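Peer 1: Can you keep this structure in mind? I'll have questions shortly.
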Amino acid sequence: MEIRNYSQVTEFILLGFSTEHIVQVVLFQVFFILYMTTVTGNLLLIVAVRSDHRLHNSMYIFLANLSFLDICFTSITIPKMLSNFLREKKSISYEGCLIQVYGFLILGETECILLAFMAYDRYVAISNPLRYSVVMRTTVCVRMIGASWLTGGIISSVDIYFLYQLRYCGFVTIDHFFCEAPSLMTLSCNGDSVINVIKLVGSAVVLLVPLSCILCSYVHILLSVLRIQSKRYKAFSTCISHLIIVILFYGSAIIMYMKPEHSGHLLDKLLSVLYTTVTPMLNPIIYSLRNKDVQGAIRHLWRSMVTSNLHLLSPA
């Protein structure tokens with residue numbers, strides 16, 4: 001019987017991108033700008049949707065919830081990474097690592113399911129516009145959002161249970177910039193075959209099932225648009241923003257999580273940057289640039305803020 005020398009791990013060392021000081025300073029500046037852009041853009045979008053009654057329909061409720069998810073999603077990883085750029089010892093406690101993984105899984109899996117519901121919303125809007133307000137009424141939209149969070153929470157709880165069972169053989173160095181499930185799996189001594197099966201099955205459920213629903217929705221959208229005699233460009237335009245987010249988010253995540261093994265090399269880190277940083281940042285930019293209603297709401301919000309400040313500054 002094989003005896004493994006398991007060790008009690010209290011912390012992990014995150015290698016990040018580089019050990020060179022000047023590189024870390026540059027990366028700190030880059031990721032700080034990306035993080036502030038992400039938080040500011042998504043928060044502005046949430047406030048705009050909340051404050052404009054014209055945007056109180058299912059499409060924009062989904063969008064506001066997606067923005068909230070993106071703020072939380074990027075806040076799980078980026079602040080800790082930024083602090084490590086400024087520290088000599090780039091460590092994270094064992095408990096902190098599991099909390100980071102758990103939060104990352106909940107938010108990521110919830111977003112996967114939410115994107116599928118958003119694709120269905122666009123399908124109803126284009127394929128059956130006359131019944132859109134009935135089929136996608138506010139109560140239905142809220143239930144879909146609730147189902148996304150509930151399903152994401154259940155699946156991530158199962159994932160974190162298996163991750164908690166992992167034991168380590170003295171290797172506490174993670175070749176990554178945050179605690180991600182595949183990175184922890186490579187350090188464990190529990191058996192690669194079992195770990196890979198769990199990872200592949202979980203990834204298939206979370207990534208491939210929603211992606212299949214999204215692709216089915218877009219096939220039906222394409223067929224519906226081809227039957228439209230006019231305004232085809234406008235119909236395609238309403239879906240292109242969502243499709244860009246889907247391609248970036250699902251494409252990088254599938255490559256990362258559906259591989260048989262996790263190498264921990266630079267490519268893996270770059271893929272993680274795509275779905276943890278780039279996609280959440282692009283979400284509000286793409287939607288606000290391509291959507292006139294959102295643009296109008298943001299302009300109205302900006303004018304209201306300027307007017308309020310002028311009233312406060314003006315003498316009594």
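Peer 1: Does any residue in region 63-85 that is within 16 Å of residue 50 (Cα to Cα) come within less than 8 Å, Cβ to Cβ, of a residue that is acidic (Asp, Glu) and assigned to a helix (DSSP H, G or I) six or more places away or on a different chain, and which pairs are these?
Peer 2: So the pair list comes out as 66/111; 69/111.
Peer 1: Looking at 158, 172, can you tell me which residue is of a type in the set (Val, Ile, Thr) and more than 24 Å from residue 267 (Cβ to Cβ)?
Peer 2: Going through 158, 172 in turn, just one is of a type in the set (Val, Ile, Thr) and more than 24 Å from residue 267 (Cβ to Cβ): 158.
Peer 1: Condition (residue is exposed (fewer than 15 other Cβ atoms within 10 Å of the Cβ), over 18 Å from residue 211 (Cβ atoms) and at pLDDT 65 or above) applied to region 250-259: is it met by at least one residue?
Peer 2: no
Peer 1: Which residue is nearest to residue 90 (Cα to Cα), if the candidates are limited to region 177-220 and must be among the hydroxyl-bearing types (Ser, Thr, Tyr) and at pLDDT 85 or above?
Peer 2: Among residues in region 177-220 that are among the hydroxyl-bearing types (Ser, Thr, Tyr) and at pLDDT 85 or above, the one nearest to residue 90 (Cα to Cα) is 212.
Peer 1: Give all pairs with beta carbons closer than 6 Å in which a residue from region 45-58 that is within 16 Å of residue 69 (Cβ to Cβ) meets a residue that is modelled with pLDDT under 85 and crowded, with 24+ Cβ neighbours inside 10 Å; count only pairs at least 6 apart in sequence or on separate chains.
Peer 2: Going by the 6 Å Cβ cut-off, the qualifying pairs are 45/284.
Peer 1: Quick check: anything in region 230-239 at pLDDT below 70, surrounded by 11 or more Cβ atoms within 10 Å (Cβ to Cβ), in a helix (DSSP H, G or I) and touching a strand residue (DSSP E or B) at 6+ places or on another chain (Cβ under 9 Å)?
Peer 2: Checked against the condition, which is being at pLDDT below 70, surrounded by 11 or more Cβ atoms within 10 Å (Cβ to Cβ), in a helix (DSSP H, G or I) and touching a strand residue (DSSP E or B) at 6+ places or on another chain (Cβ under 9 Å), region 230-239 yields no hits at all.
Peer 1: Return yes when residue 75 is of a type in the set (Gly, Ala, Ser), surrounded by fewer than 18 Cβ atoms within 10 Å (Cβ to Cβ), part of a helix (DSSP H, G or I) and more than 14 Å from the chain's Cα centre (by Cα) and no when it is not.
Peer 2: So residue 75 does not fit the description; no.
Peer 1: How about region 91-178: which helices (runs of 4 or more DSSP H) wholly inside it have at least 2 residues that are surrounded by 17 or more Cβ atoms within 10 Å (Cβ to Cβ)?
Peer 2: 94-127, 138-164
Peer 1: Can you give me the number of residues within region 22-52 that are at pLDDT 80 or above and more than 23 Å from the chain's Cα centre (by Cα)?
Peer 2: So the count comes out to 6.
Peer 1: Here's a check for you: in region 161-181, which residue that is touching a helix residue (DSSP H, G or I) at 6+ places or on another chain (Cβ under 9 Å) and hydroxyl-bearing (Ser, Thr, Tyr) is nearest to residue 85 (Cα to Cα)?
Peer 2: Ranking the candidates gives 173 first.
The values are calculated or read from the model by the stated rules, or taken from the named source; none is laboratory data. Keep in mind that this is a model prediction, so the values were computed, not measured. Neighbour counts run over all protein chains shown; Cβ positions are idealised from the backbone, glycine included.
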